[in-house]
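Read through the structure below, which is laid out as C-alpha cells, and then see the notes.
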Amino acid sequence: MIEVLKPGPLALVEDAGRPGLAAVGVSPSGAFDRAAFADGARLVGNTAGHAAIEVTLGGLVVRSAAHHRVALTGAVCAATVNGLPVPWGEPVQLRPADVLALGLPTLGLRSYLSVAGGVDVPAVLGSRSTDLLSGIGPARLAAGDFLPIGVVTVPEETPERHEAPSPSTVLDLLPGPRTDWLADPDALAGTWTVSPESNRIGVRLTGPVLTRAAAFEGEELPSEPIVRGAVQLPPSGRPVLFGPDHPTTGGYPVVAVLTEAAGDRLAQCRPGERVRLAWVAPR
C-alpha cells in the first residue's frame, strides 16, 4: 500500500488510457505527458498498463507501507524522503513508513510518481485512468487514501537515468479537417498565453482574435469527431487545444491538430505561460 497524506492541488491515477471507445462516447484519457509516464514505467519495470500517479503542480506527500521501488519523472520538483533529498529520474527505494514529499515544480506542470507493480485500483472499461470530463475511473486522490500496489516484476536490466527535457514552449501543428475555415491560417501560428481556464480536458489560449474565412461566416457545423490534440476554433476566436479527457465530438471547426510530441508538451504548459504555435506541414 501507498498512503496519501497530502494530494497537492490535483493528483490522479493514470495509465496509458482507454483508446478505441470514442464510438460509445468515451475519450481515451490516460497520462497527459505520455513520454514522462513511459519513462517512469521503464525505470521501475512497469508496462503501459501499470498505473502511476499524475501530480499537478507538486505538493503530493505519500507514506510507504512496505518496501517499494519508485521513480519520479515529468516536471522536476524538489523531492525528499523523510526530509532528505532524493534524485529525480532514477529508481528510489522506499522502506516501510518512509514519507515521500514533492515541492513545486521549477519548470513544467505535471509530474509522475511510478511505483513498481503499478497502482492497482479497479479498472473501468479496461483502464485505471481518471477521466475528469466523464467521471469514469477512480476519484481524484485525497488525504487518507490507501492505494494498493500490484505484483512487482524485476527489470531485465538496470534502466538508464531519465533526463527530464526542458519544457518547450513551441507546439507544432498539422493541418486539421477545417483549416480552410481560417481567414488566415498563418494567424494561428504565433505567440499565445495559456489561460487559467485550462485542464486535462482542454487548454484555452488567449491572444489575438482569429477570424473565419468569408465563405464560412455564420455557418454552423454538425458535431464531428474530436481527437486528442485537436485545435478547435470557438466563436470567441481564441483556440482551444484538447487534452486526454477531451469530448469525443464537437461542433466548432477543428482548424489544426498538434503533433504527438506537442501533445505531450502541452501537458507541461502552465497557466499564464506564453507558448508559440508553429505549422510543420503544408496547409
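Observations, loosely collected:
- The range 1-58, residues that are part of a loop (DSSP other than H, G, I, E, B) and β-branched (Val, Ile, Thr): Val26, Thr47
- Residues in the range 234-283 that are part of a loop (DSSP other than H, G, I, E, B) and among the aromatic types (Phe, Trp, Tyr): Tyr252 alone.
- Scanning the range 169-202 for residues that are closer than 19 Å to Gly251 by Cβ, touching a Gly at 6+ places or on another chain (Cβ under 8 Å) and assigned to a strand (DSSP E or B) yields a single hit, Gly202.
- The number of residues in the range 248-269 being surrounded by fewer than 18 Cβ atoms within 10 Å (Cβ to Cβ) and not small (Gly, Ala, Ser) comes to 3.
- Test result for Arg34, among the basic types (Lys, Arg) and out of contact with any strand residue (DSSP E or B) (no Cβ under 8 Å at 6 or more places or on another chain): yes
- When residues in the range 15-43 are screened for being surrounded by 24 or more Cβ atoms within 10 Å (Cβ to Cβ) and touching a helix residue (DSSP H, G or I) at 6+ places or on another chain (Cβ under 7 Å), 2 of them pass.
- Matching residues in the range 44-76 - criterion: being within 20 Å of the chain's Cα centre (by Cα), over 12 Å from Ala11 (Cβ atoms) and surrounded by fewer than 23 Cβ atoms within 10 Å (Cβ to Cβ): Thr47, Ala48, Gly49, Val76
- Of all residues making up the range 79-102, the number that are out of contact with any helix residue (DSSP H, G or I) (no Cβ under 7 Å at 6 or more places or on another chain) and either in a loop (DSSP other than H, G, I, E, B) or loosely packed, with under 15 Cβ neighbours inside 10 Å (or both): 13
- Condition met for Arg228 (at pLDDT 95 or above, in contact with a His (Cβ under 8 Å, 6 or more places away or on another chain) and either outside any strand (DSSP E or B) or not basic (Lys, Arg) (or both)): yes
- You will find that of Val209, Val203, the residue that is of a type in the set (A, V, I, L, M, F, W, C), within 19 Å of Asp264 (Cβ to Cβ) and at pLDDT 90 or above is Val203 and no other.
The values are calculated or read from the model by the stated rules, or taken from the named source; none is laboratory data. Bear in mind that the values here come from a model prediction, so they are computed numbers and not experimental data. Quick reminder, even Gly has a Cβ in these numbers, built from the backbone with ideal geometry, and neighbours come from all protein chains shown.
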